[in-house]
1. State all residues of segment B:57-91 that are more than 11 Å from B:Met32 (Cβ to Cβ), assigned to a strand (DSSP E or B) and among the aliphatic types (A, V, I, L, M); if no residue qualifies, say none.
2. For segment B:3-24, give me the residue count where each residue is more than 12 Å from every other protein chain (Cβ to nearest Cβ) and in a strand (DSSP E or B).
3. Does A:Ser41 meet the test of being farther than 30 Å from B:Thr5 by Cβ, of a type outside the set (D, E, K, R) and surrounded by fewer than 19 Cβ atoms within 10 Å (Cβ to Cβ)?
4. Please go through (1) in a loop (DSSP other than H, G, I, E, B); (2) loosely packed, with under 14 Cβ neighbours inside 10 Å for B:Pro42 and return the number of the only condition it doesn't satisfy.
5. Without any contact (Cβ under 8 Å) to a residue 40 or more places away in the chain, within 23 Å of B:Met15 (Cα to Cα) and away from every other protein chain (no Cβ under 13 Å): does that describe B:Glu67?
6. Any residue at all in segment A:51-69 that's modelled with pLDDT of 90 or more, assigned to a strand (DSSP E or B) and under 29 Å from B:Leu54 (Cβ atoms)?
7. Identify, please: which residue in segment A:97-111 is assigned to a loop (DSSP other than H, G, I, E, B) and buried (at least 16 other Cβ atoms within 10 Å of the Cβ) and is, among those, modelled with the lowest pLDDT?
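The values are calculated or read from the model by the stated rules, or taken from the named source; none is laboratory data. Note that the structure is a prediction, hence the values are computed from the model and not measured. Glycine gets a Cβ as well: all are built from the backbone with ideal geometry, and neighbour counts include every protein chain shown.
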Amino acid sequence: DAKTTQPTSMDCAEGRAANLPCNHSTISGNEYVYWYRQIHSQGPQYIIHGLKNNETNEMASLIITEDRKSSTLILPHATLRDTAVYYCIVRVFLTASKLTFGTGTRLQVTL
Amino acid sequence: DTEVTQTPKHLVMGMTNKKSLKCEQHMGHRAMYWYKQKAKKPPELMFVYSYEKLSINESVPSRFSPECPNSSLLNLHLHALQPEDSALYLCASSHRSGTGGENTEAFFGQGTRLTVV
């Protein structure tokens, strides 16, 4: 699985959009971008994934650059409950292979 | 039901004890995983089971022994652990593949917090 690079930490004011970047410059053509988050002392939670098109669900939006070397997770209206560590992971879709976590971004949402 | 249930939630054991961690899911997932997470670190993969057979062992010491008795259950047997094995142990499950259009996102349990004394 390709390696990812994320900022160590970010702050966001409640109600504002949180934009979390991820660099995956060595991504292969058959690898998807997955985002998970881990709220303190809980198990990781799936957020969203995509291949090359932008994706949106009830939790977030995922913007993937045209060359697929980077992506941005957008939480449109961050709340205090979104405070967590966010992990960007790239992996092959059709497999039960490794889901390898990088160091992630610690997002702190403040009043 | 989109839950992965892990028991116990907390476990304290001595270095000479034998204990087991349990994980259960009823989503029809045929891939199950054990992860270990130390404080302020990301989860690290330990084992992957696919169709109840061990498919990946990330060079985990033999004092950790996984078992998948059926498609819904995953156990982790612990024996002669060391204090440095104290960590949060996470179980996860997913569909084996997306060939049928299934999403291969992994669902995680809340973990067992293990303390070895």
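1. B:Leu78, B:Ala87, B:Leu88, B:Leu90
2. Number of matching residues: 10.
3. Numbers: farther than 30 Å from B:Thr5 by Cβ: no; of a type outside the set (D, E, K, R): yes; surrounded by fewer than 19 Cβ atoms within 10 Å (Cβ to Cβ): yes.
Judged against the criteria, A:Ser41 is not a match.
4. The failed condition is (2).
5. When the stated conditions are applied, B:Glu67 passes them.
6. As a first pass, look at segment A:51-69 and keep what is modelled with pLDDT of 90 or more: A:51-52, A:54-69.
Right, trim to assigned to a strand (DSSP E or B) and you get A:55-56, A:61-64.
Going one step further and asking which of them are under 29 Å from B:Leu54 (Cβ atoms), we end up with none.
Checked against the condition, which is being modelled with pLDDT of 90 or more, assigned to a strand (DSSP E or B) and under 29 Å from B:Leu54 (Cβ atoms), segment A:51-69 yields no hits at all.
7. Going through the qualifying residues, I end up with A:Ser97.
This table checks each residue for (1) among the β-branched types (Val, Ile, Thr); (2) under 24 Å from B:Leu45 (Cβ atoms).
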| position | (1), (2) |
| --- | --- |
| A:Thr5 | yes, yes |
| A:Pro21 | no, no |
| A:Ser25 | no, yes |
| A:Leu51 | no, yes |
| A:Glu58 | no, no |
| A:Leu62 | no, yes |
| A:Leu75 | no, no |
| A:Arg81 | no, no |
